[in-house]
Amino acid sequence: MRPRLRALLSFVLFLVVAQLVSGGLEWVLVRKLQLVVPTGRPWEPSFFVLWEGAGVVGALVATSVLARVSGRGFAELGYRTGGAWRQLLAGGAMGFIVVTVLVFIATALGAYAAGQPMMSPAATTGYAFAWLLAMAGTSFAGEMTLHGAGLFALAEVMGFWPAAVTLSLLGAALGLGSGASGLNYAGAVNALGIGLLCCYAIQRTRAIWFACGLHALLDYTSLFVFGSPSRGNQGGEPILTRLFTGGFHGPMWLTGGSAGIESSWLMLPIVGVALAGYWYSFRGTNAVQLIDKVGVVSGKVT
């Protein structure tokens, strides 16, 4: 069998297995065990922990299948362990900064007010950890499916960047929306930009950890820290267990409206600056040197 055809079939197999396993687990959680909050209820961390946990399991099983049929280890499919924690923290820091800069601009333009603490100190601490775990689940499920082993398999078919653009476009299309909620063009464009930033980090480090940290803290900072609304939560409401009582009250191009701050048209240039900063920080370094800079226990890539 030709190498490209084999790689294409491996990519298709990865997607099919990931969707079958995660879909089966989600069906059990929702239909049989009824552990997941039904659609229409306010978002709670438990929903994401269970639902996105099913996605993580599906991606892991699919990666194991792909590793077996391709003869490659997990390290070659985006899971190099060297410096994983430091890459997660570096990506998380960038995600936090991107959203914070955007909210700072919104505040300066009179489109955001923090308000008062939403909950007691004990409840705030509990929900802070719970939402961090929930957004980590969302991040890992998404990155492991779209930018993990599947990306490396598809890259063998068409090259890394054509594969990265294809999968990032798919991720953007999934968040585009339809029907009564309307098409979320700004959110889709921002998702594409963030996806390409994640892919650039993956190309340089050969691992998904930076992308996972970035994705997780983008969502966590917008939803929990600053109380951004989301269309998935009762049609465009902020979560009830957020950090502060305040919120956004400005033009849609700036705040994203009911779609949330991640659908602001100002996010894309901020992401562009973040990408430029990442490139500038690590320009001229090879893969081993780059991984060593963002965190590795030794000079050897594992």
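The values are calculated or read from the model by the stated rules, or taken from the named source; none is laboratory data. This one's a predicted model, so the numbers in the text were calculated from it and none came from an experiment. Glycine also receives a Cβ, built like all others from the backbone with ideal geometry; neighbour counts cover every protein chain displayed.
Here are the numbers for this structure:
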read-out: Some residue of segment 257-265 being within 17 Å of Gly110 (Cα to Cα), over 18 Å from the mean Cα position of the chain (by Cα) and not basic (Lys, Arg); value: yes
read-out: Which listed residue is surrounded by fewer than 18 Cβ atoms within 10 Å (Cβ to Cβ), among the aliphatic types (A, V, I, L, M) and at pLDDT 85 or above, from Ala287, Ala276, Ala259; value: Ala276
read-out: Residues of segment 148-160 that turn out to be part of a helix (DSSP H, G or I) and touching a residue at least 24 places away in the same chain (Cβ under 8 Å), as a count; value: 9
read-out: Single residue of Val101, Val61, Val57, Val49 found to be modelled with pLDDT under 95 and out of contact with any Lys or Arg (no Cβ under 7 Å at 6 or more places or on another chain); value: Val49
read-out: Gly227 modelled with pLDDT under 90, part of a loop (DSSP other than H, G, I, E, B) and not hydroxyl-bearing (Ser, Thr, Tyr); value: no
read-out: Any pair with Cβ under 8 angstrom, 6 or more apart, that starts in segment 250-264 at a residue that is without any contact (Cβ under 8 Å) to a residue 40 or more places away in the chain and part of a helix (DSSP H, G or I) and ends at one that is polar (S, T, N, Q) and buried (at least 20 other Cβ atoms within 10 Å of the Cβ); value: Gly257/Ser263
read-out: Count - residues of segment 232-282 that are within 17 Å of Glu44 (Cβ to Cβ) and not small (Gly, Ala, Ser); value: 9
read-out: Residue match in segment 189-211 (condition: modelled with pLDDT under 95, surrounded by fewer than 24 Cβ atoms within 10 Å (Cβ to Cβ), of a type in the set (Val, Ile, Thr) and over 22 Å from the mean Cα position of the chain (by Cα)); value: no
read-out: So Ala111, is it in contact with a strand residue (DSSP E or B) (Cβ under 9 Å, 6 or more places away or on another chain) and over 27 Å from Thr255 (Cβ atoms); value: no
read-out: So Thr145, is it assigned to a helix (DSSP H, G or I), over 12 Å from the mean Cα position of the chain (by Cα) and of a type in the set (S, T, N, Q); value: no
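Let's see how each residue does on (1) in contact with a Leu (Cβ under 9 Å, 6 or more places away or on another chain); (2) at pLDDT 95 or above; (3) part of a helix (DSSP H, G or I); (4) of a type in the set (S, T, N, Q):
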position: Phe129; (1), (2), (3), (4): no, yes, yes, no
position: Met135; (1), (2), (3), (4): yes, yes, yes, no
position: Ala180; (1), (2), (3), (4): no, no, yes, no
position: Leu183; (1), (2), (3), (4): yes, no, no, no
